[in-house]
Amino acid sequence: MGVVNVTPDSFSDGGLFLEPEAAIVHGEELAREGASILDVGGESTRPGAEEVSVEVELARTQPVVADLAGLGHEISIDTSKLAVAEAALDAGATIVNDVTALRADPDIGALCGERGAGLVLMHMQGTPRTMQEAPTYDDVVDEVRAFFAERSEVAVAAGVREDRIWLDPGIGFGKTLDHNLELLRRLDELGALGYPLVVGTSRKSFIGKIDGSETADRIGGTIASSVLAATRGADVLRVHDVAAMAQAMQVAAAIVG
């Protein structure tokens, strides 16, 4: 899953692809490099990020989704707003990636059910504004697993097909370094719920907390964490650097056999 951020303030590439034309070119490049899904987002969810209006998010994402879907790419819309999700599905998107897991706008569940769309349910403690202030868990894996069990039931009750639900443990979303590492070590316990797992470690701050690297210098950490996540059951890897990740996975698969 290649990341297409149409934002001025995303933690890694904010402002680089804010203009629709630049985002479309970037999405096409990611697809050529090996991305099978393009995840288009118009609102940053980095720690401390401010909310944007529906109108702004629509203006940022609509032309990008329409063009990339029109070129035949599978598109995920990264949003927690019903109007943005609906417009994206109208424009050809087939997946809604909701970082709030239907807590911000429960009607997204019914929308995905009616359209037969995929739905990614992500775990986040707090909101992007507050999530890194003081994240605490007794057992992060047990609590995330219980959250997923409950939210997947909500999604199914809203009409989402079980085979169209994916789970994302939300690496870096209301977690300390130790929480992130524990989730990655024990991904198989989340996979035991029976839903495919989406894992996004790409360029995230936990890598820098391990080795002191800045955001742009975390490709190696992204590859290591993503490959190990795949060995523990991750089905989709959400990344910025698609070419490097695709090569790493191809070599890892050849070695594993």
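So the values come out like this:
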{"quantity": "Computed lengthening from Glu33 to Lys209, 0.36 nm per intervening residue step minus Cα-Cα distance", "calculated": "60.5 nm"}
{"quantity": "Cα-centred dipole magnitude for the stretch 102-144, charges only on beta-carbon of K, R (+1) and D, E (-1), debye, nearest 20", "calculated": "280 debye"}
{"quantity": "Two-site label geometry, Asp142 and Val251: point separation in nm, points 7 Å out along Cα→Cβ", "calculated": "4.0 nm"}
{"quantity": "Fluctuation leader among Gln247, Gln132, Gln62 - the chain, Gaussian network, Cα springs under 10 angstrom", "calculated": "Gln247"}
{"quantity": "Hits among aspartates and glutamates - C-alpha to C-alpha of Lys175 under 16 Å, sequence gap 8 or more where chains match", "calculated": "Glu133, Asp138, Asp139, Asp142, Glu143"}
{"quantity": "Cut-off 9 Å between beta-carbons: net charge of the residues surrounding Val99, Lys and Arg +1, Asp and Glu -1", "calculated": "-3"}
{"quantity": "At R0 = 25 Å, FRET efficiency that the Cβ-Cβ distance of Ala243 and Leu177 yields, to 0.05", "calculated": "0.35"}
{"quantity": "Mean separation of Cα contacts under 8 Å (6+ apart) over length of the stretch 188-257, as relative contact order %", "calculated": "37 percent"}
{"quantity": "Ala110 versus Ala216: modelled label distance in nm, points set 7 Å from Cα along the beta carbon direction", "calculated": "4.7 nm"}
{"quantity": "Highest-MSF residue in the chain out of Ser76, Ser53, Ser226 [GNM, Cα springs under 10 Å]", "calculated": "Ser53"}
{"quantity": "Neighbour-count order for Ser205, Ser80, fewest beta carbons within 10 angstrom listed first", "calculated": "Ser205, Ser80"}
{"quantity": "Most fluctuating residue given options Leu71, Leu18, Leu183, as computed from a GNM of the chain linking Cα atoms under 10 Å", "calculated": "Leu71"}
{"quantity": "Estimated [θ] at 222 nm from DSSP helical runs (n ≥ 4, -39500 (n - 2.57)) normalised by residues in the chain, nearest 500", "calculated": "-14000 deg cm²/dmol"}
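Only the coordinates and a few stated rules stand behind these numbers; no lab work does. Computed from a predicted structure; not experimentally measured. Note that each Cβ is placed from the backbone with ideal geometry, even for glycine, and that neighbours are counted across all protein chains shown.
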